[in-house]
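The values are calculated or read from the model by the stated rules, or taken from the named source; none is laboratory data. Bear in mind the structure is a predicted one, so any value in this text is a computation, not a measurement. Methodologically, a virtual Cβ is constructed for each residue, glycine included, from the backbone with ideal geometry; neighbour enumeration extends over all protein chains shown. Areas reflect the complete protein model, heavy atoms only, side chains present, ligands, DNA and RNA absent. Shrake-Rupley method; radii C 1.70, N 1.55, O 1.52, S 1.80 Å.
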Amino acid sequence: MLIREATADDWPRIWPFWHRIVAAGETYAWDPGTSEEEARVLWMNPAKRVYVVESDSGDLVASAYLTPNYGGPAARIANAGFMVDPGQGGRGYGRALAEHLLTEARAAGYRGMVFNAVVETNPAVSLWTSLGFTVLGTVPDAFDHPRHGRVGLHIMYRAL
């Protein structure tokens, strides 16, 4: 696999799985009806460093962004978002991309990384904990999950 910084030309290959994941309404606190243009602005925002994963066959199978979570004196705490094409799960793309972003965040001078709203039923919670993230707290009943009803949102953190 190849992990590289995304270009604007990658968006048409990110959008299909981005849309599928957000429209499912199970893992992101973004409106499931987000338009493609709104999604592009959210994901490909110039303030974010965006990465993609290409499989050995050249398919774009995952994407992530890295950005400061806060501003000013707290700007050395990173935030990131990750998406793996649901048809490509279980092949190590998410873990490889997460490890890459942790390395990139450290190299960029970030001291830690925080996730503000991890749906507690998201299978990625086990990935994040295996990579050293801890749950700082959970906002109870904050997310209306289409299958599980109201579930909590974890705030997760890892020092870099």
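Brief remarks on what is shown
- Each Cα pair under 8 Å and six or more residues apart adds its separation to the average, and for segment 1-109 the resulting relative contact order is 24 percent.
- Residues of segment 144-160 with amide N under 16 Å of the 7 Å Cα→Cβ point at R111: 157-160
- Listed values for segment 148-154 are Karplus-derived 3J(HN,Hα) couplings in whole Hz (6.51 cos²θ - 1.76 cosθ + 1.60, θ = phi - 60°), namely 9, x, 6, 10, x, 10, 7, and x replaces Gly and Pro.
- Potential extension, E37-S55 segment - 0.36 nm per residue separation minus Cα distance: 3.9 nm
- Isotropically averaged projected area of segment 93-160, using the convex hull of Cα atoms (one quarter of hull area), nm²: 4.7 nm²
- For the pair segment 128-160 / segment 47-116, the C-alpha centres are spaced 17 Å from each other.
- Under-5 Å amide H pairs with G152, H placed in peptide plane, nonlocal only: E120, D141, A142
- Computed with a 1.4 Å probe over protein heavy atoms only, the accessible area of S55 comes to about 20 Å².
- Per-residue ellipticity at 222 nm from helix content only, as computed over the chain with -39500 (n - 2.57) for each DSSP H run of at least four residues, stands at -8500 deg cm²/dmol.
- Applying 0.36 nm per residue to the separation of S130 and M1 and subtracting their alpha-carbon distance, the gain on full extension is 44.3 nm.
- Backbone HN-Hα couplings from phi across segment 98-104 [Karplus 6.51/-1.76/1.60, Hz, Gly and Pro as x]: 4, 4, 4, 5, 4, 5, 5
- Where Rh is the Kirkwood radius over Cα pairs, Rg/Rh for the chain: 0.94
- Residue-by-residue Karplus 3J(HN,Hα) for segment 48-60, coefficients 6.51, -1.76, 1.60, Hz, glycine and proline x: 10, 8, 10, 10, 9, 10, 10, 6, 4, 8, x, 6, 7
- The amide H of L160, built 1.01 Å from its N in the peptide plane, has G112, M113 as neighbours under 5 Å, considering only residues 5 or more places off or on other chains.
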